[in-house]
Amino acid sequence: MAKNKAVNIETIDIGIEEKTRIKIGEGLSRLLADTYTLYLKTHNFHWNVTGPMFNTLHLMFEAQYNELALAVDLIAERIRALGLPAPGTYAAFAKLTVLKEEDGVPNAEDMIRILVKDQEAVARTARSIFPLVDDANDQPSADLLTQRMQVHEKTAWMLRALLG
């Protein structure tokens with residue numbers, strides 16, 4: 001298997017041109033960074049939530065971070081299947097993500113608001129990649145993006161429902 005040394009891209013022939021694979025991989029790398037950052041934030045909130053909704057939120061956040069942990073693997077594996085290296089460091093994720101880390105520990109209601117905003121942001125990242133994937137007839141990436149949008153939109157709705 002040959003590699004394009006200039007950009008560390010594997011030379012593969014899956015019916016998607018190299019320049020398009022690179023663009024899709026870059027988009028999926030942003031999605032991976034957003035997803036991993038959301039995973040960390042959700043896990044942090046799971047550990048630190050307090051108040052009258054503790055049990056509900058503690059369990060809900062746990063289900064959410066477990067789903068996100070599985071998602072990062074699927075996204076990274078799709079990047080690799082496209083012949084690109086998947087980012088995998090905090091430094092790389094910090095450069096690629098649109099999500100912001102929280103200072104301190106927000107109260108439970110603010111945690112919910114923050115996660116709604118971040119779930120919506122990850123859905124937007126996935127949606128922004130979709131036209132490129134669709135134009136390239138990259139059905140595996142399209143399927144992955146569709147699933148991710150569904151999860152993030154549903155999770156944002158469920159979190160919003162807690163706010164009344």
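The values are calculated or read from the model by the stated rules, or taken from the named source; none is laboratory data. Treat the numbers as computed from the prediction; the structure is a model and nothing was measured. For neighbour counting, all protein chains shown are included, and Cβ atoms are generated from backbone atoms with ideal geometry for every residue, glycine included.
Quick look at the numbers
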quantity: Flag for Arg148 being within 12 Å of the chain's Cα centre (by Cα), free of Cβ contacts under 8 Å to residues at least 40 places away in the same chain and at negative phi; calculated: no
quantity: Tally of residues being surrounded by fewer than 18 Cβ atoms within 10 Å (Cβ to Cβ), without any contact (Cβ under 8 Å) to a residue 40 or more places away in the chain and either among the hydrophobic types (A, V, I, L, M, F, W, C) or not in a helix (DSSP H, G or I) (or both) across region 53-90; calculated: 6
quantity: Filter pass, Asp103 being surrounded by 18 or more Cβ atoms within 10 Å (Cβ to Cβ) and of a type in the set (Asp, Glu); calculated: no
quantity: From the options Ala91, Ala69, Ala63, residue that is within 11 Å of the chain's Cα centre (by Cα) and over 30 Å from Asp135 (Cβ atoms); calculated: Ala69
quantity: Top-ranked residue of region 106-143 - restricted to ones that are of a type in the set (D, E, K, R) and within 21 Å of Arg78 (Cα to Cα), ranked as surrounded by the fewest Cβ atoms within 10 Å (Cβ to Cβ); calculated: Asp135
quantity: Every pair of residues 6+ apart whose Cβ atoms lie under 7 Å, when the first sits in region 116-143 and is within 22 Å of Thr42 (Cβ to Cβ) while the second is among the β-branched types (Val, Ile, Thr) and outside any helix (DSSP H, G or I); calculated: Ala121/Val98; Thr125/Val98
quantity: Set Leu96, Leu82, Leu32: member being more than 17 Å from the chain's Cα centre (by Cα), modelled with pLDDT of 95 or more and of a type outside the set (D, E, K, R); calculated: Leu82
quantity: Matching option when the condition is more than 24 Å from Pro140 (Cβ to Cβ) and at pLDDT 95 or above, among Ala6, Ala91, Ala71; calculated: Ala91
quantity: Thr50 being surrounded by 17 or more Cβ atoms within 10 Å (Cβ to Cβ) and farther than 19 Å from Leu132 by Cβ; calculated: no
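Here is a yes/no grid of residues against (1) touching a Phe, Trp or Tyr at 6+ places or on another chain (Cβ under 8 Å); (2) closer than 22 Å to Arg124 by Cα; (3) not acidic (Asp, Glu):
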{"site": "Asp13", "(1), (2), (3)": "no, no, no"}
{"site": "Tyr39", "(1), (2), (3)": "yes, yes, yes"}
{"site": "Leu57", "(1), (2), (3)": "yes, no, yes"}
{"site": "Arg78", "(1), (2), (3)": "no, yes, yes"}
{"site": "Val105", "(1), (2), (3)": "no, no, yes"}
